[in-house]
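To start, the structure under review is shown below, and the notes come after it.
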Amino acid sequence: MAKNKKAAEGAEAETPKAEAAAEAAPAEKPAKGAKAPKVKGEKAAKAPKEAPAEAVAAEAAPRVEKKPAKVIEPRLSARYRSEVRKLLKERFGYGNDMAVPRLTKIVISMGVGKALQNPKRIEEAQKHLTALAGQKAVVTKAKEAVSNFRLRIGNAIGCRVTLRRQMMYEFLDRLITVAIPRIRDFRGLSDRSFDGKGNYTFGLSEQTVFLEVDADRMEFTQGMNITLCTSAATDKEAYELLAGFGFPFRKN
């Protein structure tokens, strides 16, 4: 019994020494090719991704500020500011530049009454009006029913477009310099077509005077009415305004 107690006491004394020696000993390196065991709850650190060379070059390059595109002012708009407005101010004695008459809008309309028998006419008229005006034309519909013409409310009977600002001046420039001179046997426009409030209206019998309309692909001939709306109080002031743009009035 005494021997057994001594053996047990010796074993207990050796145990803490063995644990201390195990802690002091360096950890064994894993063999080549062997993967280290993964510990639950721990994620392997990912190596940072290298930025692409194009992104690095873009960051290193100096930033160039983009300048807004320059808007080219229409020729007749510049002419109004530089010449026409001064002439009108001197002739009629306006107090300031805001009182000088100016062009406000241009309305182009086509009445297509034959579209009731042939719907293709309204489609072609809208297509040509959009091409020559440079802006989408709107189809106009009847607001009243007329039994003599077999017209019902809602029937498409024409199309129109309203031009303002730059589009207005660009169309007026093409109208004066290109379209009107192409009218057959043209001798000038009448100065009696003013409405008494400074607005001028005239008509064209064909749309082929505009270069935007291809006469070879045209199926129907269609006329139109063009109204030039101004801020003039009298017809005389409106006449001088349009004459300043070079409008070809007939000389009496």
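The values are calculated or read from the model by the stated rules, or taken from the named source; none is laboratory data. On a predicted model such as this, the values are computed, not experimentally measured, just so you know. A quick note on method: Cβ atoms are made from the backbone with ideal geometry, for glycine too, and the neighbour counts reach across all protein chains shown.
Of the strands (runs of 3 or more DSSP E) lying entirely inside the range 156-252, those carrying at least 1 residues that are touching a Pro at 6+ places or on another chain (Cβ under 8 Å), touching a residue at least 40 places away in the same chain (Cβ under 8 Å) and farther than 17 Å from residue 137 by Cβ are 224-230. Tell me, please, whether a residue that is hydrophobic (A, V, I, L, M, F, W, C), surrounded by fewer than 16 Cβ atoms within 10 Å (Cβ to Cβ) and free of Cβ contacts under 8 Å to residues at least 60 places away in the same chain can be found in the range 96-106. Among the residues of the range 96-106, at least one is hydrophobic (A, V, I, L, M, F, W, C), surrounded by fewer than 16 Cβ atoms within 10 Å (Cβ to Cβ) and free of Cβ contacts under 8 Å to residues at least 60 places away in the same chain, which makes the answer yes.
Residues in the range 88-146 that are small (Gly, Ala, Ser) and part of a loop (DSSP other than H, G, I, E, B) were compared, and the one that is modelled with the lowest pLDDT is 142. Would you call residue 229 closer than 24 Å to residue 123 by Cα, at pLDDT 85 or above, out of contact with any Cys (no Cβ under 9 Å at 6 or more places or on another chain) and surrounded by 12 or more Cβ atoms within 10 Å (Cβ to Cβ)? No, not satisfied. Of all residues being within 26 Å of residue 124 (Cβ to Cβ) and touching a Phe, Trp or Tyr at 6+ places or on another chain (Cβ under 7 Å) in the range 177-210, which is surrounded by the most Cβ atoms within 10 Å (Cβ to Cβ)? Just the residue, please. Looking at residues that are within 26 Å of residue 124 (Cβ to Cβ) and touching a Phe, Trp or Tyr at 6+ places or on another chain (Cβ under 7 Å), I get 179. Quick one: residue 82 ticks every box in (1) within 28 Å of residue 233 (Cβ to Cβ); (2) surrounded by 14 or more Cβ atoms within 10 Å (Cβ to Cβ); (3) polar (S, T, N, Q) bar one, so which box is it? Result: residue 82 passes all but (2).
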